[in-house]
1. Under a Cβ-Cβ cut-off of 12 Å, what is the net charge of the residues other than Arg184 that fall near it, where Lys and Arg count +1 and Asp and Glu count -1?
2. In degrees from 0 to 90, rounded to the nearest 10, what is the angle of the helix 173-188 Cα long axis to the longest principal axis of the chain?
3. For the pair Ser225 and Trp110, how long in nm is the line joining their label points, each one 7 Å along Cα→Cβ?
4. Using only DSSP helix segments of four residues or longer, with each worth -39500 (n - 2.57), what per-residue ellipticity at 222 nm results for the chain after dividing by its residue count and rounding to 500?
5. Tell me the angle of helix 96-108 to the major Cα principal axis of the chain, expressed in degrees between 0 and 90 and rounded to the nearest ten.
6. What is the order of Val20, Val203, fewest Cβ neighbours within 10 Å to most?
7. Please arrange Lys75, Lys60, Lys87, Lys43 by counting, for each residue, the other beta carbons lying within 10 Å of its beta carbon, fewest first.
8. What's the long-distance tail for the range 173-243, i.e. % of Cα pairs beyond 16 Å?
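Rule-based calculations on the coordinates, nothing more; no lab input. Everything numeric here is computed off the predicted structure, so don't read it as measured data. A quick note on method: Cβ atoms are made from the backbone with ideal geometry, for glycine too, and the neighbour counts reach across all protein chains shown.
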Amino acid sequence: MTPILETKDVVVRFGVLQAVSRASIEVIEGRVTGLIGPNGAGKTTCFNVITGLQEPTSGKVLFEGKDITGKNPYKRARLGIARTFQKLEVFGSLSARENILVAAEQRKTWDRSGFSPAAVCDEILEKTGLSDVSEFMVGTLPTGTARLVELARALASNPRVLLLDEPSSGLNEEETAEMATLLRTFVAEGLAVLLVEHDMSFVMGTCEYIHVLDFGTIIASGTPSEVQANSAVQAAYLGTETVEEAS
Ligand SMILES: Nc1ncnc2c1ncn2[C@@H]1O[C@H](COP(=O)(O)OP(=O)(O)O)[C@@H](O)[C@H]1O
Ligand SMILES: [Mg+2]
């Protein structure tokens, strides 16, 4: 299967620190790909390289086989790359509906398919189960709901690839399970997801394929059972927590 998105030998140096070392990641349509690893492994930096917020020291980012390494973030968004942030980024003083509408209106500037932003908004509110809280100011909503608003806003740009940076952070077990179910429905419709996540049951239950980063290097790539059985992966998590127990 041809990846819709790829990084090829990406290196990121911050002064003397090599945050990412020749990382090659493949993201395929219709599946959730995991990007896991201990704190500081370089996961968020990889997201920043993919979305154009961080220029790589060397290496490439390809979208549908085309080199997009030099493209501005907004051009990548237009290609269909959307993301959420590790630290929740929503407009707290706008309603849930308005948060989504901002993204749908933005999409109007490049998507000439004649869609109605209001209709897109309603559809996404419905799909994400946010219809009942659509008029609430997001700053007043619980974290779990605000995380869903951030996801809904990312979906309003009609992405082909969605990068999620620790979407379960601040969510309880039940909300995490709901998030996982929701992701599966979008992936079943053909969306490609790259998931950075600490909750191992979420990762192992949702991802078809996983890349494991440690100190900037991909130390293993494979199915959930392959990476769980990998001794380098077990060693990377030792001293903190084992892969099975991590949450
Ligand atoms: N803008 C930056 N300047 C300097 N160092 C950075 C910067 N961003 C990240 N780092 C460092 O790069 C490493 C990887 O960080 P990050 O990608 O955030 O890891 P992760 O998301 O896997 O926890 C860490 O050591 C972090 O301190
Ligand atoms: Mg991070």
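1. Local net charge: -2.
2. Roughly 80 degrees, rounded to the nearest 10.
3. For the pair Ser225/Trp110, the computed spacing is 4.1 nm.
4. -10500 deg cm²/dmol
5. 80
6. Ranking Val20, Val203 by Cβ neighbours within 10 Å, fewest first, gives Val203, Val20.
7. The order, fewest Cβ neighbours first, is Lys87, Lys75, Lys60, Lys43.
8. Pairs farther apart than 16 Å: 51 percent.
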